[in-house]
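Everything on this sheet refers to the single structure shown next.
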Amino acid sequence: MLKLYYNPLSTNSRRVWIVLLEKEIEFELVPLQLNGDQFQPDFLAISPFHHVPVLADGDFHLIETLAILDYLEAKYPAIALLPKNAQDLAIARMVQMVTVNELSPAMSPLVRQTFGGAGDPEKLEKAGQQVATVLRFFEELLGDTPFFGSNTITLADVVAGVSVPWLPELGLSLENYPKLQAWCDRLNSRPSWQQTQASPKLVEAFKAQMKQLMKPQQS
Ligand SMILES: N[C@@H](CCC(=O)N[C@@H](CS)C(=O)NCC(=O)O)C(=O)O
């Protein structure tokens, strides 16, 4: 059976977890605390950069979220999560890359600011502008389809859909982006999103940990 090494607060782990659920694949979850256990030699042997997620398919160990998603799509095509035509396939890949390369780096300082209470105002302003550019782009791209370039859910929705719904938590409202807001609601109502949602208790523990980590930077 497939094994997913994950952490419940890891956005990247959640992407793989959701795809496994959406594709109705049998798998086993192997939790890591990320409080040092990711540096244990056994784990470093399968994940040299000490990151989750890792997917183990027998002796085959795979790192890097987008590579894992491609593997699952190729190996388990019965429930397809990528469009077939060239243009929609390109849209799906573009949304994944914009999320990883533009949105996620802009969200990092905002997460530190919101949960840790620290941040350089100039960097935060720049990050906010970058997020707004992504949101405008996504709003237009979504157009009148329920999912990106598709009437059914794709890997693009999974990758962007575990990040965008967090923005209001970071003080960035989606009210000027009604199509994206409706898309978030659509995703959040799916069993795969609900089942993989971090519990409020875990989120609180994460905030406390962030505050602790930010202390030396604030003084
Ligand atoms: N590029 C990697 C990044 C994975 C990553 O950053 N994982 C984080 C959790 S979301 C992690 O394992 N952090 C712990 C560490 O790096 O020690 C991917 O897409 O899978």
Pro41 passes all but one of (1) surrounded by fewer than 16 Cβ atoms within 10 Å (Cβ to Cβ); (2) under 18 Å from Val162 (Cβ atoms); which number fails? (2)
With criteria (1) assigned to a helix (DSSP H, G or I); (2) exposed (fewer than 13 other Cβ atoms within 10 Å of the Cβ); (3) of a type outside the set (Val, Ile, Thr), Asp144 comes up short on (1)
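Matching residues to (1) touching a residue at least 40 places away in the same chain (Cβ under 8 Å); (2) in the same structural domain as Glu26 (by TED's automatic domain parsing); (3) more than 27 Å from Leu89 (Cα to Cα); (4) of a type outside the set (S, T, N, Q):
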site	(1), (2), (3), (4)
Gly119	no, no, yes, yes
Gln130	no, no, no, no
Leu167	yes, no, no, yes
Leu170	yes, no, yes, yes
Glu175	no, no, yes, yes
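If I filter segment 178-187 for residues that are of a type outside the set (D, E, K, R), loosely packed, with under 15 Cβ neighbours inside 10 Å and either within 23 Å of Leu21 (Cα to Cα) or without any contact (Cβ under 8 Å) to a residue 40 or more places away in the chain (or both), do I get at least one hit? Quick ask: steps written out before the conclusion?
Pass one, segment 178-187, residues of a type outside the set (D, E, K, R): 178, 180-184, 187.
Next, from what is left, pick out any that are loosely packed, with under 15 Cβ neighbours inside 10 Å: 178, 182.
Retained after the next criterion (residues that are either within 23 Å of Leu21 (Cα to Cα) or without any contact (Cβ under 8 Å) to a residue 40 or more places away in the chain (or both)): 178, 182.
Scanning segment 178-187 turns up at least one residue that is of a type outside the set (D, E, K, R), loosely packed, with under 15 Cβ neighbours inside 10 Å and either within 23 Å of Leu21 (Cα to Cα) or without any contact (Cβ under 8 Å) to a residue 40 or more places away in the chain (or both).
Only one of these is crowded, with 16+ Cβ neighbours inside 10 Å and not polar (S, T, N, Q): Leu29, Leu69. Name it.
Values: Leu29 fails: crowded, with 16+ Cβ neighbours inside 10 Å.
Checking each option against the conditions leaves just Leu69.
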Is it true that Asn35 is in the same structural domain as Pro146 (by TED's automatic domain parsing) and without any contact (Cβ under 8 Å) to a residue 12 or more places away in the chain? no
Restricting to segment 85-122, count the residues that are in contact with a Pro (Cβ under 9 Å, 6 or more places away or on another chain), over 26 Å from Pro200 (Cα atoms) and surrounded by 15 or more Cβ atoms within 10 Å (Cβ to Cβ). 3
Tell me whether segment 31-39 contains one or more residues that are of a type in the set (Phe, Trp, Tyr) and over 20 Å from the mean Cα position of the chain (by Cα). yes
Which of the residues belonging to segment 147-176 are buried (at least 21 other Cβ atoms within 10 Å of the Cβ) and assigned to a loop (DSSP other than H, G, I, E, B)? Phe148, Gly149, Ile153, Thr154, Val162
Looking only at segment 79-112, which residues are assigned to a helix (DSSP H, G or I) and more than 18 Å from Val164 (Cβ to Cβ)? Ala86, Gln87, Asp88, Leu89, Ala90, Arg112
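Taking the options Asp144, Asp185, Asp157, name whichever one is of a type in the set (D, E, K, R), outside the structural domain of Ser10 (by TED's automatic domain parsing) and touching a Phe, Trp or Tyr at 6+ places or on another chain (Cβ under 7 Å).
Numbers: Asp144 fails: touching a Phe, Trp or Tyr at 6+ places or on another chain (Cβ under 7 Å); Asp185 fails: touching a Phe, Trp or Tyr at 6+ places or on another chain (Cβ under 7 Å).
Residue meeting the stated conditions: Asp157.
The values are calculated or read from the model by the stated rules, or taken from the named source; none is laboratory data. Computed from a predicted structure; not experimentally measured. For neighbour counting, all protein chains shown are included, and Cβ atoms are generated from backbone atoms with ideal geometry for every residue, glycine included.
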